[in-house]
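The values are calculated or read from the model by the stated rules, or taken from the named source; none is laboratory data. In this text the structure is predicted, and so the values were computed from the model without any measurement. Cβ sites come from the backbone with ideal geometry, for glycine too, and all protein chains shown count toward neighbours. Surface accessibility is based on the protein's heavy atoms, side chains included, excluding ligands, DNA and RNA. Shrake-Rupley method; radii C 1.70, N 1.55, O 1.52, S 1.80 Å.
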Amino acid sequence: MQAQEGAAALVMEQPVVDTEAMAIEVASGDALLPVLMPNLGGEAMIGGAEAVKSDEVHGLLAAIRRLESIVEEETAALAAGKKIDFDDFSARKSRSMLEFVRLMRARMHLGAEVEVTEEIQRLREKLERNRSLLEMHYDAVREVASIIVRAIKDADSDGTYTGRATQDGK
């Protein structure tokens, strides 16, 4: 019985393995293998479930922060008037948004987590600021385009099809 209690204590006290460190060890040939221990009393499973939930929360938060970073980068470039590769930003935002949506669908139960809710709210605010600047940029481009079109029409027109009042400046 004491040996079984000791085994349960080992399961509960084992640190969570860092996947980066694990990848390094696997590359060097010393692969880490999972150890299955008997579940005595369910305590290890409760801790394990919380660890899995914590990992899920961290994964979802990381996806939100990646998307947030891309949006902030584009917003800063727009605000500073820098030249922007809109195709690149659009592709990066789309991929990141797809990742976020897939994670949220798979882990809907995490939507009630306070930290996740706060991050999503911050992301929403940053997306709104980004949308506003993109809209302003688009309006400016549209205005410049209409000025150019008008100038081209005026330059190409020899007055043949315009009314007499327009030719006389009246």
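A few notes on this one:
- Here is the figure for the range 106-142: residues that are of a type in the set (Gly, Ala, Ser), farther than 15 Å from residue 77 by Cα and open to solvent by less than 60 Å² (accessible area, probe 1.4 Å) total 2.
- Selected residue (only one of 99, 115 is among the charged types (D, E, K, R), farther than 25 Å from residue 136 by Cα, at pLDDT below 90 and in a helix (DSSP H, G or I)): 115
- Residue check for residue 72: surrounded by 13 or more Cβ atoms within 10 Å (Cβ to Cβ) and either in contact with a Phe, Trp or Tyr (Cβ under 7 Å, 6 or more places away or on another chain) or modelled with pLDDT under 95 (or both): no
- Pairs meeting the criteria (first residue in the range 117-141 and closer than 15 Å to residue 63 by Cβ, second residue among the basic types (Lys, Arg), beta carbons under 8 Å, at least 6 apart or on different chains) are 119/65.
- Counted residues, the range 75-105 - those being touching a residue at least 24 places away in the same chain (Cβ under 8 Å), under 18 Å from residue 133 (Cα atoms) and open to solvent by less than 50 Å² (accessible area, probe 1.4 Å): 3
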